[in-house]
Amino acid sequence: MLNNLTELSISPRLAKNIRRNVKERVIEFILMMAALSAVFTTFAIVAILLYESFGFFETVSLVEFFTGTEWTPLFEDAHYGIMPLIAGTLTTSFVALAVAVPVGTIAAIYLSEFASHKTREITKPILELLVGVPTIAFGYFALLFVTPLLQIIYPDLPGFNMLSAGLVMGVMIVPYIASVAEDAMRAVPMSMREGSYAMGATRFQTALRVVTPAATSGIVAAYILAVSRAVGETMVVAVAAGQQPTLTFDPTEGAATITAYIVQVAMGDLPHASIGYQSIFAAGLVLFAMTLSFNLIGHVVRKKYREQY
Amino acid sequence: MADTQSKKASVLADLDAVRSMIRRHKFNDLVFAGIGLIALMIGLLTLLTLFIDLVMDGYPRFNLQFFSDFPSRRAGSAGLLSAWVGSLLVMAVTFLSAVPVGVAAGLYLEEYAPKNWFSDLIEINVSNLAGVPSIIYGLLALGLFVYGLDLGQSILTAGLTLGLLILPTVIVSTREAIRGIPVAIREAAYAVGATKWQVVSDHVVKYSQGGILTGVIIGMSRAIGETAPIITIGALTFIAFLPPAPVTDVAPFLNFEWLSSAFTVLPIQMFNWLSRPDHAFHINAAATGAIIILVTLLMNGTAIYLRYKIRKNIKW
């Protein structure tokens, strides 16, 4: 009997088990490598940006880069001050937020507190469709529809201006703010609303005085993530805001943003490892640092300051 | 006597005040609901205006010739042939690179990864990548694929770049789809002696197919419309030839030369036409834009409908 058992344990079944275990391990390893690709990508982005920018900063001092007020890397008389590009980026983003923050917040409050289940089922997919529209189409819209429209009201507006690019970008960002802020509002427990209603408050009062304060952290996070979107948006500003790096905060003028500059240079045929080629990586590094910090702050605000009920 | 009467009057006056206050607040409610609905509709209205504007501007070009002509110096005879073929081939590479890796990564994170710093690291990276502007992916591809790995400004480079770009979308949707599957299903499979991979491949993947597909469609529709990263890798805008055909009539019937071919895609072609000062080219840009929007709306609509169906049908 005992003999029999030993024989069983070295039977082909066991051998098959070992093969099975090896196969399981191999599969797990392959899946892990796939998951690690996300980590590799992040490292590759940082490494490439730093590596190419390093060559750039051998020619250009950091002081000139951050304090210079002229950005003309492709000219004979080259200047490498990133300020004009940052100014353009911030101005278009500011215009976009001026549209997206109020509209997005109101839409979020409406979706979370006022809309019936049916309205929500219909309108949320529409917002998603809006997110899916390619940005180049919005660029066309800003350049050839919104700008001529604005020129009727404001005849001095140049054909390329940050105002129309920013406005269109704002509409594009509304769904992001609306959906993140709505999530935060819906996370506020029903009992708080019921308490408020029991005191005789209306829906609007409850939304404004109870739900919104309770969801502040989530709403602020939505705004910060929206800033990050606006800063990184490319095609709308590349098409409609102009290509000339100008140090101005006036939205009625045209000015290049960081992203528009990268597009402009990439459209031309620049030799590899030239200073112009390296300059788009330096600009990209600044852009990456800006969006990364906004994203991180957004996540921290959302996680850390979430009210616990 | 007079005293009680004046009391009664003041109570009535108070009651009136309260009633008018209630009316006022109810009216505020109504006003805000109206404003909220308008705020919601701004997006839809913009989308409608945009689409109608594109169709009205571009309608002279909606004919078969527009799809079968190469780009040209003359706006009237310029077409989309190289652009839509390019888009199709780039999408094929994107699909084949992003879907297997994304689904595998999602499976690992949900089914295999131990809950420790290691899985946290991956998760932080995935959510971070989702927030990286698309043009940064273009710079990565320019440094890594074009010059680092010497793949050149080819279809392969563009497809891989867009693959990386939509990877977070595929991973996140895979994870969400998997999370909906109850533990009991897995336990039942383990109980009859299945290995982990058997459980995952025969049950987890199978039941989450619909959710994964939704994410893949959304990701692909985003990739079709992406312009910035493709411009950044230095794609040419004037392509008057087609890449070598992927399928040939001589053995082995498959030909991979197209992977290293130069190319253009729909959004790049549109951007090129849009950046010309000549208004005749803007008509071409509008027609292209209407086509791109139509395709992405159809894909996104399909994905949303699919998700709606799945949510309705599955009752564990």
Along Cα→Cβ, 7 Å out, is where each label goes; now give me the distance between the ones at A:Phe75 and B:Leu45 in nm to one decimal. 4.3
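Can you pull the Rg over Rh of chain B, Cα-only, Kirkwood? Can you show the working numbers first?
On the way: Rg = 27.9 Å, Rh = 23.6 Å.
So for chain B, dividing Rg by the Kirkwood Rh gives 1.18.
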Report, in debye and to the nearest 20, how large the dipole of segment A:83-304 comes out about its Cα centre when Lys and Arg carry +1 and Asp and Glu carry -1 on their Cβ. 820
Mind checking segment B:37-92 for chymotrypsin sites (Phe, Trp or Tyr not before Pro) that DSSP puts in a loop (not H, G, I, E or B) and that have at most 13 other Cβ atoms within 10 Å? B:Phe62
With N residues in the protein assembly as shown, what two-decimal value do you get for its Cα radius of gyration over 2.2 N^0.38 Å? 1.11
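Suppose every K and R has +1 on its Cβ and every D and E has -1 on its Cβ; what is the size of the dipole of the protein assembly as shown about the Cα centre, in Debye to the nearest 20? Walk me through the numbers on the way to the answer.
Details: 40 positive and 40 negative charges, 571 e Å.
Once rounded to the nearest 20, the dipole reads 2740 debye.
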Kindly identify segment B:68-176 as rounded, prolate or oblate by the Cα gyration tensor criterion: order the square roots of the eigenvalues as a ≥ b ≥ c, call it rounded if a/c is under 1.5, otherwise compare a/b with b/c, prolate if a/b is larger, else oblate. prolate
What's the center-to-center distance, using Cα atoms, between segment B:180-203 and segment A:168-188 in Å? 37
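Take chain B, mark every one of the trypsin sites (Lys or Arg not before Pro) that falls in a DSSP loop and has at most 10 other Cβ within 10 Å, then report the longest stretch left between them, sites excluded.
Between exposed loop sites, the widest span is B:116-314.
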Amide H of B:Ser72 versus every other amide H placed in the peptide plane: which residues, excluding those fewer than 5 positions away on the same chain, fall under 5 Å? B:Ala78, B:Gly79
At a threshold of 8 angstrom on Cα-Cα distance, excluding pairs fewer than six apart, so keeping six or more, what relative contact order does segment A:202-301 reach in percent? 34
From the residues B:Leu54, B:Ile136, B:Thr264, which one has its Cα farthest along the dipole of chain B in the positive direction, the dipole being from +1 and -1 charges on Cβ of Lys/Arg and Asp/Glu about the Cα centre? B:Leu54
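With an 8 Å Cα cut-off and a minimum separation of 6 or more residues, compute the relative contact order for chain A in percent.
Working: 413 pairs, mean separation 75.6, N = 309.
Relative contact order of chain A: 24 percent.
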Taking the beta-carbon count within 10 Å as an exposure proxy, list A:Trp71, B:Trp117 from fewest neighbours to most. B:Trp117, A:Trp71
Hey, can you grab everything whose amide H is under 5 Å from the amide H of A:Trp71? Only 5+ residues off in sequence or another chain; H modelled, so Pro and N-termini drop out. A:Gly81
Can you list residues from other chains, or at least 5 along the same chain, whose modelled amide H is less than 5 Å from the amide H of B:Phe263? B:Leu236
Got a sec to turn the phi values of segment B:153-158 into Karplus ³J(HN,Hα) couplings, 6.51 cos²θ - 1.76 cosθ + 1.60 with θ = phi - 60°, whole Hz, x for Gly and Pro? 8, 10, 4, 4, 4, 4
Under the rule a/c < 1.5 gives rounded, and otherwise a/b versus b/c splits prolate from oblate, where does chain A land using the Cα gyration tensor? oblate
Within-11-Å neighbourhood charge of A:Tyr140 [Cβ basis; K, R +1; D, E -1]: -2
Charge sum, other residues only, whose C-beta stays under 13 Å from B:Val205's C-beta, Lys/Arg counted +1 and Asp/Glu -1: +1
Which order do the peptides B:143-154, A:59-70 come out in when sorted by mean C-beta neighbours inside 10 angstrom, highest first? B:143-154, A:59-70
Output field shielding_mean for A:203-209 (other chain Cβ, 10 Å radius) holds 4
Average partner chain C-beta neighbours within 10 Å, per residue of B:88-100? 0
How large is the charge dipole for chain B, taken about the Cα centre, if only the Cβ atoms of Lys, Arg (+1) and Asp, Glu (-1) carry charge, to the nearest 20 debye? 1060
1/(1 + (r/R0)^6) with r = Cβ-Cβ of A:Ile18 and B:Ala191, R0 = 25 Å, i.e. FRET efficiency to nearest 0.05, evaluates to 0.65
Which of A:Met192, A:Gly268, A:Ile280, positive extreme of dipole for segment A:177-280 (C-beta unit charges): A:Met192
Could you pull out every one of the aspartates and glutamates with an alpha carbon less than 18 Å from that of A:Lys118, ignoring same-chain neighbours closer than 8 positions? A:Glu128, A:Glu182, A:Asp183
Quote the FRET efficiency, to the nearest 0.05, computed for A:Ile122 versus B:Val183 with a Förster distance R0 of 51 Å and r equal to the Cβ-Cβ distance. 0.90
Over chain B, relative contact order from alpha-carbon pairs under 8 Å, at least 6 apart, %: 24
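Which of the three applies to segment A:176-309, rounded, prolate or oblate, going by the alpha-carbon gyration tensor with a ≥ b ≥ c and a/c under 1.5 meaning rounded?
On the way: a/c = 4.49, a/b = 2.68, b/c = 1.68.
Prolate is the answer for segment A:176-309, as a/c is 1.5 or above and a/b outweighs b/c.
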Lysine pairs in chain B with Cα atoms under 20 Å, if 8 or more residues apart or on separate chains: 5
Kindly write out, for segment B:89-106 in residue order, the coupling ³J(HN,Hα) from the Karplus curve 6.51 cos²θ - 1.76 cosθ + 1.60 (θ = phi - 60°), rounded to whole Hz, with x marking Gly and Pro. 5, 4, 4, 4, 5, 4, 4, 5, 8, 7, 5, x, 5, x, 5, 4, 5, x
Simple SL model, points at 7 angstrom along Cα→Cβ for A:Tyr154 and B:Arg23; separation in nm is 4.2
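Bear in mind these aren't lab numbers, they're just calculated from the coordinates by the rules spelled out. In this text, all values refer to a predicted model and were calculated from it rather than measured experimentally. Please note: Cβ atoms are built from the backbone with ideal geometry, for glycine as well, and neighbour counts cover all protein chains shown.
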